[in-house]
Each structure stands twice: as structure tokens, then as C-alpha cells.
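Worksheet for the structure shown next.
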Amino acid sequence: MSKSVFTHRLWMPSSYVRRSSLGLIHLVGTGDGDGDPGRGEAGSKPVHLAVYDTYADWETGHTTAHLTQRGHRVRTVGPAAGTPVTTMGGVRIQPDLGIDALRPEDSSLLILTGARSWDMGDDLVPFAAKAREFLDAGVVVAAICGATAGLAREGLLDDRAHTSAAAGYLAATGYAGGGRYVEADAVTDGDLITAGPTEPVAFAREVFARLGVYKPDVLDAWYRLFHDSDASAFPVLTAAARAGDV
């Protein structure tokens, strides 16, 4: 069964198109859209990206790159302040702060990326526990790939619609949320966003929609360009940029 687009907002699924060679477009401006007012603007609370050893660096590239272009500040959060981590791609990162120092009231979003470490012991349990703090405080959490298993073990998916790499992957955690699993590229349920490892663009789309980073029509074009290489999306984005609508 192929995954479909699932969201708690009205969303039109993109049709399949043949890939073509397209250049990148840089979108600059103030935030607007159907999310909370001001969250797309520079000066809002920072976005926090969790980093740890074996972190899958490619899974959040679209998300953090375009949030930064839109004026959001991205800060990295590691297991401990002052202790570097090495990503799955071999990139060494010095976190801005440790997980113990992170408070929901100081953040607009916590991003949890996949990593082998999620399935190799309890080292990342503090990150799942922090996700619980964020959700309890009404602050958005976005988890992709192996991070969804960490949330499942924490019990955070038992009563929320969600997705992951596969239903069986989460079932192996022993969680009680199997009935809320959705076969979709990415799922937003309130303040929780989840996605599987093959859907970094859909993951970014849901983050942008939840934070109101782009207007709905611009976001649709963004997704069609970066996910489908849909040439018809490029002029939509160009026109929006020239009109100051992005």
C-alpha cells in the first residue's frame, strides 16, 4: 500500500510527475500562513534541533535550511553542553546547549531526527522525555524516522495519529498506539508531527504548515518543486517572491 498525504488540514495530494532538471529558488520575507501569528518571522522563539551521535543529518536538511531562510533561528541541542556529537554522515557538531537546559517556554519547535542510537539502548531517552515536556506545554514536536520509535516507547503515540517507517517498526517497541498508525508520508496531529525516513520533504512541509512559514498556495508549490520536481511550481514561487507573498 502506497503512502498518501495525511494531515489535519485540507491538503491536496500532488500528482506524479516526471522529474526534470530545476534550479533552486530562495524564498525570502516575513512569515504568513495558517499557523500561529508571527511564528514565521525573525525574532520569534528559536527552533531547537536535537543532535546526537549517529544522527541522520539529511533528514532535516530541508526543514532547517528553509526555516533559516525565513528568519527563524535554529539552535542545536545535544546530550550534554560542550560535548561534540558525530552525525551518521561523519559531520562533527558542537551543540549550542544540553538537553537538560532546554525549556519548552524558550522554544517554538523541537525537531527529533532519526539515529541508530534510538534503537541501541537508552541514551536518547532524555530526548523523548523532553518531547513529552514540550507536548504537555503545547509546544510543537516534530519527529522523523527512528525518533518516532523513541516517542512510541515514551507513550506519546498511543493517543495521537502518527506515521513512521512502517507499522511493524513501531509495533516492535511494544507500544499501544498501533490503532492510530496512518499510512502517510507525514502526519500532523495537534502539536505532534511525524514522518518516515524516506520523507524529509513532506516532513518539512508539515513543519512549515504548522508554524505558518508559507501561505498555503506557496507551500503547495514549494512541496511540488522540492518533492516532485514539478516545473509548474517554479513560476508560482517566483511570482510569490516578486510580489512579497512568501
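Checking each residue in the range 78-90 for being in contact (Cβ under 8 Å) with a residue 24 or more places away in the chain, surrounded by fewer than 17 Cβ atoms within 10 Å (Cβ to Cβ) and either of a type in the set (V, I, T) or assigned to a strand (DSSP E or B) (or both) picks out only T86. Among the criteria (1) open to solvent by less than 10 Å² (accessible area, probe 1.4 Å); (2) among the β-branched types (V, I, T); (3) farther than 28 Å from L102 by Cβ, the one V182 does not fulfil is (1). Taking into account only those residues within the range 189-203 that are open to solvent by less than 10 Å² (accessible area, probe 1.4 Å) and within 16 Å of S108 (Cα to Cα), which is farthest from the chain's Cα centre (by Cα)? Among them, the one singled out is L192. Just one residue in the set T173, T198 is of a type in the set (S, T, Y) and out of contact with any helix residue (DSSP H, G or I) (no Cβ under 9 Å at 6 or more places or on another chain); that residue is T198. Filter the range 119-142 for residues that are among the hydrophobic types (A, V, I, L, M, F, W, C), open to solvent by 10 Å² or more (accessible area, probe 1.4 Å) and assigned to a helix (DSSP H, G or I); which is farthest from T86 (Cα to Cα)? Step by step, filter the range 119-142, then rank; the result is L135.
Among the listed residues L110, L151, L156, which satisfies the condition of being part of a loop (DSSP other than H, G, I, E, B), crowded, with 23+ Cβ neighbours inside 10 Å and in contact with a helix residue (DSSP H, G or I) (Cβ under 7 Å, 6 or more places away or on another chain)?
When all the criteria are applied, what remains is L156.
For the range 40-87, the tally of residues that are within 16 Å of the chain's Cα centre (by Cα) and among the charged types (D, E, K, R) stands at 5.
Return the only residue of P46, P13, P37 being modelled with pLDDT under 95, surrounded by fewer than 18 Cβ atoms within 10 Å (Cβ to Cβ) and in contact with a strand residue (DSSP E or B) (Cβ under 7 Å, 6 or more places away or on another chain). Can you show your working first?
Numbers: P46 fails: modelled with pLDDT under 95; P37 fails: in contact with a strand residue (DSSP E or B) (Cβ under 7 Å, 6 or more places away or on another chain).
Testing whether each residue is modelled with pLDDT under 95, surrounded by fewer than 18 Cβ atoms within 10 Å (Cβ to Cβ) and in contact with a strand residue (DSSP E or B) (Cβ under 7 Å, 6 or more places away or on another chain) leaves just P13.
Residues that are part of a helix (DSSP H, G or I) and within 24 Å of F208 (Cβ to Cβ) were ranked within the range 91-107; the one that is least open to solvent (accessible area, probe 1.4 Å) is P104. Among the residues of the range 181-208, those that are aliphatic (A, V, I, L, M) and in a helix (DSSP H, G or I) comprise V201, A202, A204, V207.
Can you find a residue in the range 145-163 that is within 24 Å of G71 (Cα to Cα) and touching a residue at least 60 places away in the same chain (Cβ under 8 Å)? No, because not a single residue in the range 145-163 is within 24 Å of G71 (Cα to Cα) and touching a residue at least 60 places away in the same chain (Cβ under 8 Å).
Residues of the range 213-241 that are touching a helix residue (DSSP H, G or I) at 6+ places or on another chain (Cβ under 6 Å), part of a loop (DSSP other than H, G, I, E, B) and either of a type in the set (A, V, I, L, M, F, W, C) or open to solvent by 20 Å² or more (accessible area, probe 1.4 Å) (or both): D230 alone.
The values are calculated or read from the model by the stated rules, or taken from the named source; none is laboratory data. This is a predicted model, so every value here is computed, not measured. Every residue, glycine as well, gets a Cβ built from its backbone with ideal geometry; the counts of neighbours run over all protein chains shown. Heavy atoms of the whole protein, side chains included, go into the accessibility calculation; ligands, DNA and RNA do not. Shrake-Rupley method; radii C 1.70, N 1.55, O 1.52, S 1.80 Å.
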